[in-house]
Amino acid sequence: MAELQEELKEKIIEQLSLEDVEVSEIGNDDPLFGDGLGLDSIDALELIVLLEKDYGIKLKDPKEGKAIFESINVMADYISKNRTK
Amino acid sequence: MEQQYYITSFCSIKNNKISKNGELLYSDDNSDSIKDFAKGIYKFLELKYPKFHKMDELCKLSFLASEVLLSDQLEVSEDTALVLANRASSLDTDRKHQDTIKDRENYFPSPAVFVYTLPNIMMGEISIRHQLKSENAFFVKKAFDAKFLTTYSRVLLDTNKASNVICGWVDLDNDKYDVFLAFISRNGEKLLSKEQLNNFYKS
């Protein structure tokens with residue numbers, strides 16, 4: 001799980017162009033939206049694409065993302081249980 | 001009698017250089033890409049605006065030019081209008097978007113790329129940064145048109161639609177870029193005319 005968590009942090013920084021953020025600065029329980037990394041609605045859509053492209057997970061309802069993208073821990077747990085690649 | 005307006009300041013980004021009022025601020029002949037060049041300017045200006053890194057290159061160039069243009073303004077009036085033009089529209093980003101959708105077997109359009117497939121997003125980014133709630137207009141033209149920009153800016157000021165106008169040219173196509181922004185106001189030393197605007201653009 002730790003490996004997936006690190007992988008997700010790297011992908012999020014790369015995919016969402018968080019150039020001022022280091023992997024070490026993202027805590028596993030930090031909120032990704034709001035006061036955490038300060039991601040916005042376009043970032044949420046980008047994460048939905050990332051789930052499908054890299055892990056073969058297609059969300060039926062984009063609103064599901066709100067719970068899944070709560071933190072790195074929650075996201076990694078969801079991916080490990082639902083990934084198809 | 002025609003009301004007189006002034007070109008208070010102007011900023012150019014061309015040939016690996018950024019200048020303000022004709023004076024060189026920063027140059028970089030080593031960057032391999034516009035992305036790296038823009039990042040160099042961002043660091044040089046000591047900006048702290050994470051959203052900059054999410055912008056496409058066209059928006060980055062217009063954003064940086066507006067930062068320099070407005071750097072000596074204590075406060076930017078929220079009714080400062082924006083009138084921009086270019087030749088290639090958002091073609092640079094349109095191509096990147098096209099690359100993500102051309103393969104039906106590998107079809108993953110990026111929302112973060114797609115949102116920049118309109119050139120007037122440049123004005124949105126500048127407006128968000130400076131909290132402008134103003135008139136804005138974007139035009140696609142064959143070349144820099146000082147007469148058009150001068151006339152349009154005059155109309156906005158004559159009709160009190162704006163207290164100031166940022167007008168200019170922000171063009172990017174295949175790593176070739178040409179950026180010129182001018183701040184037009186009711187006070188200053190350099191009278192606004194199409195000849196003067198053209199001279200500053202060519203300087």
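Per-residue counts of other Cβ atoms within 10 Å, averaged by peptide: what ranking do you get for A:70-80, B:60-70, highest first? It would help to have the intermediate numbers written out before the result.
Working: A:70-80: 18.2, B:60-70: 24.3.
Descending packing order for the listed peptides: B:60-70, A:70-80.
Can you find, among A:8, A:18, A:45, the residue sitting farthest towards the positive end of the charge dipole of the range A:1-45, where Lys and Arg contribute +1 and Asp and Glu -1 at Cβ? Of the candidates, A:45 comes out farthest on the positive side. A simple spin-label model places pseudo-atoms 7 Å from Cα toward Cβ; at residue A:74 and residue B:45 they are separated by 3.6 nm. Its Cα centre serving as origin, the range B:104-143 has a Cβ charge dipole (Lys and Arg +1, Asp and Glu -1) of approximately 140 debye. The charge dipole of the range B:9-125, taken about its Cα centre with unit charges on the Cβ of Lys, Arg, Asp and Glu (plus for the first two, minus for the last two), comes to roughly 260 debye. The amide H of residue A:30, built 1.01 Å from its N in the peptide plane, has A:72 as neighbours under 5 Å, considering only residues 5 or more places off or on other chains.
The Kirkwood hydrodynamic radius of the protein assembly as shown, based on inverse pair distances between different Cα atoms, is 20.8 Å. Note on chain B: with charges restricted to the Cβ of Lys and Arg (+1) and Asp and Glu (-1), its dipole about the Cα centre is near 200 debye.
Roughly how crowded by other chains is peptide B:51-57, in terms of the mean Cβ count from those chains within 10 Å of each of its Cβ atoms?
Shielding by partners across B:51-57 averages 3.
Sorted ascending by nearby beta carbons within 10 Å, beginning with the fewest, A:81, B:141 become A:81, B:141. The orientation-averaged projected area of the convex hull spanned by the Cα atoms of the range B:6-202 comes to 11.2 nm².
Of the residues B:25, B:196, B:88, the one whose Cα sits farthest towards the positive end of the charge dipole of the range B:6-202 is B:196 (charges of +1 on Lys and Arg Cβ, -1 on Asp and Glu Cβ, taken about the Cα centre).
Ranking B:159, B:122, B:65 by how far each Cα lies toward the positive end of the dipole of the range B:6-202 (charges on Cβ) leaves B:159 at the top.
Put a dot 7 Å past the Cα of residue B:141, heading toward its Cβ, do the same for residue B:203, and the two dots end up 2.0 nm apart. Applying 1/(1 + (r/R0)^6) with R0 = 35 Å to the Cβ-Cβ distance of residue B:195 and residue B:160 gives a FRET efficiency near 0.85. Counting only DSSP H runs of at least 4 residues, each contributing -39500 (n - 2.57), and dividing by the residue count of chain A, the helix-based mean residue ellipticity at 222 nm comes to -15500 deg cm²/dmol. What is the helix-to-structure angle for B:34-44, meaning the angle in degrees between its Cα long axis and the longest Cα principal axis of chain B, kept from 0 to 90 and rounded to the nearest 10? Taking the Cα atoms of chain B, the angle to B:34-44 is about 50 degrees. When the helices of chain B are scored as -39500 (n - 2.57) per DSSP H run of n ≥ 4 and the total is divided over every residue, the value at 222 nm lands at -10500 deg cm²/dmol. I want to verify the translational diffusion coefficient of chain A in µm²/s; compute it with Stokes-Einstein, Rh as the Kirkwood radius over Cα pairs, at 4 °C and 1.567 mPa s. Diffusion coefficient, whole number: 102 µm²/s. For the cross-link pairs B:142/B:202; A:11/A:58; A:9/A:60; A:9/B:54; B:54/B:96; A:58/B:35, the ones whose C-alpha atoms lie over 22 Å apart are A:9/A:60; A:58/B:35.
Every number here is computed from the coordinates shown, using simple stated rules; none is lab data. Everything numeric here is computed off the predicted structure, so don't read it as measured data. Glycine also receives a Cβ, built like all others from the backbone with ideal geometry; neighbour counts cover every protein chain displayed.
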